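In what follows, a structure is listed as structure tokens, so that the remarks can point back to it.
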Amino acid sequence: MTSWQQIPGERLTMYSPVGLNLIDDFSGANPVGRFEAELDEQDTAGDWHSTTIQAVRSLGNTLVYPGLGRTVETAVTPIRRYRVRLASRFYRADYLMNDDGIEFDVHPYNDDTPPAVIPNQPVDVFLLPSASYPFPGHVRVLRGEVVDNLGDPVANVEVVEGARERVLTDARGEFALPLRWPALSGPVQIDAVDHRTGRNGSINATLPADLAHSNTITIN
């Protein structure tokens, strides 16, 4: 029979250089459905390369990367740049308004030398409903697409109703915007903003008629 003996002073220290707190922007709760977290590493030329490193979901439902940056030789190991890209059928992450991923530095560490920078709290990542989001049946949803002056679809455009509802277009330019607050009938202004280019546009949707078909917003 094997007998285990604890050795005083022996320990394994694990840090995560980033923590991502994922929040459903529509419900304010934990996200529904499956999602993928892809981790990329940046090379010295500034190009990104995908890795096979998997995120771990903590007990608090935070995505972390324990052990990322752990090395034997901290003195000669450079600081590396990484980014996380999230993908889900039901969501578009809010960082997509401006960036392709959430970037962060990874400082080397080991049991004797902690990383030079240790994050003290996770980053809140708000997941906005995609065109496939499973809205409750009682919620009114305005569906449509955002296009440019040539009629081509535009991805990652923020579509809003005032300051109360917001979603992001998908790769096909499609959106599904919940309308929980406007009156049951009458006009409601819907705005679209491409934060990456500064282009914008709007429509005046008529409720409830425009809920029954797809609506097009042109940005320029």
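Scanning the stretch 180-212 for residues that are more than 27 Å from the chain's Cα centre (by Cα), in contact (Cβ under 8 Å) with a residue 40 or more places away in the chain and surrounded by fewer than 16 Cβ atoms within 10 Å (Cβ to Cβ) gives Pro208, Leu211.
Table: residues versus (1) touching a helix residue (DSSP H, G or I) at 6+ places or on another chain (Cβ under 9 Å); (2) at pLDDT 95 or above; (3) surrounded by fewer than 18 Cβ atoms within 10 Å (Cβ to Cβ).
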position: Arg34; (1), (2), (3): no, no, yes
position: Ala37; (1), (2), (3): no, yes, no
position: Gln54; (1), (2), (3): no, yes, yes
position: Arg89; (1), (2), (3): no, yes, yes
position: Asp100; (1), (2), (3): no, yes, yes
position: His107; (1), (2), (3): no, yes, no
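If you check Val160, Val167, Val147 for being touching an Asp or Glu at 6+ places or on another chain (Cβ under 9 Å), at pLDDT 95 or above and buried (at least 19 other Cβ atoms within 10 Å of the Cβ), only one passes: Val167. Of the residues making up the stretch 38-73, those that are of a type in the set (Val, Ile, Thr), closer than 18 Å to Tyr15 by Cα and out of contact with any Leu (no Cβ under 6 Å at 6 or more places or on another chain) are Val56, Thr62, Val64, Thr71, Val72. Of the strands (runs of 3 or more DSSP E) contained entirely in the stretch 124-220, those carrying at least 1 residues that are among the basic types (Lys, Arg) fall at 141-147, 165-168. Residues that are farther than 30 Å from Asn200 by Cα and in contact with a His (Cβ under 8 Å, 6 or more places away or on another chain) number at least 2 in the following strands (runs of 3 or more DSSP E) confined to the stretch 1-120: 35-42. A count restricted to the stretch 148-177 and to residues that are on the phi < 0 side of the Ramachandran plot and within 19 Å of the chain's Cα centre (by Cα) stands at 18.
The values are calculated or read from the model by the stated rules, or taken from the named source; none is laboratory data. Model, not experiment: these values are computed from the prediction. A quick note on method: Cβ atoms are made from the backbone with ideal geometry, for glycine too, and the neighbour counts reach across all protein chains shown.
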